[in-house]
Amino acid sequence: MARPDKAAAVAEIADRFRASNAAVLTEYRGLTVAQLTTLRRSIAANATYAVVKNTLTSIAAKEAGVGAFEEDLSGPTAIAFITGDPVEAAKGLRDFSRVNPALVIKGGVLDGRTLSADEVKKLADLESREVLLAKLAGAMKANLTKAAYLFVAPLSQAARTIDALRQKVEDSSGEGSPSEAEAEAPEQDAAALAPQG
C-alpha cells in the first residue's frame with residue numbers, strides 16, 4: 001500500500017473514533033464473511049463494524065486521543081464504532097458472540113473511558129436508554145402524584161373538620177335550644193316582677 005493510502009486510512013479511522021461516542025474492539029478470527037455480514041446488520045442501527053489494520057489503528061487512535069486499545073491490537077481486529085445507543089450495540093455484540101464464540105470482545109472505550117471486556121458485557125446487561133427514561137418518567141410521575149396528594153390532603157382534611165364542626169353546631173343548636181314556650185316564660189316572669197305603678 002502506498003504511503004498516501006496509509007495516511008488516508010489513518011485519517012478515516014481517526015475520524016470514526018472522533019465521530020463515535022463509544023467503540024468496541026473485537027477479534028474475529030474464524031468468522032466467515034457471511035457471519036461478519038450478519039453481525040454488521042445486527043448492529044447497524046447503532047454502530048458500524050469495520051475490519052482494521054492494527055498498526056494503522058494504533059496511529060489513528062493516538063491521533064484521536066484514544067489510548068484504550070494499545071495493548072489489545074493484535075491478531076485479526078475489527079472495531080464496532082458506536083454512534084447510537086452504546087447499550088444496544090454492546091447487546092448486539094454480546095448476543096452475536098454467544099451464538100458465534102469466534103467473536104471475542106477485547107475491550108472498548110465509552111465517552112473517553114477505557115472499558116475491559118467484562119465491562120463491555122456489563123454494559124450489554126443494562127437496559128436501553130429508552131427503557132431507563134421510561135422508568136425514570138414513571139418514578140417521577142408517581143412522586144408527583146404523591147406530592148399532589150400531600151399538598152391537597154391538609155386542605156381536604158381542614159374542609160372535613162370544618163364541615164364536622166358546622167354539623168355539630170347545627171345538631172347542638174337543634175337539640176339543646178329551648179322551646180318557644182320556655183323562651184316566653186322568662187319574659188312573663190320578668191313582667192310579673194316589674195313594679196306596677
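Quick note: the coordinates plus some simple rules give every number you see, no bench work behind them. Values in this document were obtained by computation on a predicted structure and should not be read as measured data. Reconstructed Cβ throughout: ideal geometry from the backbone, glycine too, with neighbour counts over all protein chains shown.
Tell me the label-point distance for the pair Gln35, Ala137, using the 7 Å Cα-to-Cβ offset, in nm and rounded to one decimal.
The modelled label-to-label distance comes out at 4.0 nm.
Roughly what would the spin-label model give for Ala8 and Ala164, points 7 Å off Cα along C-beta, in nm?
8.6 nm
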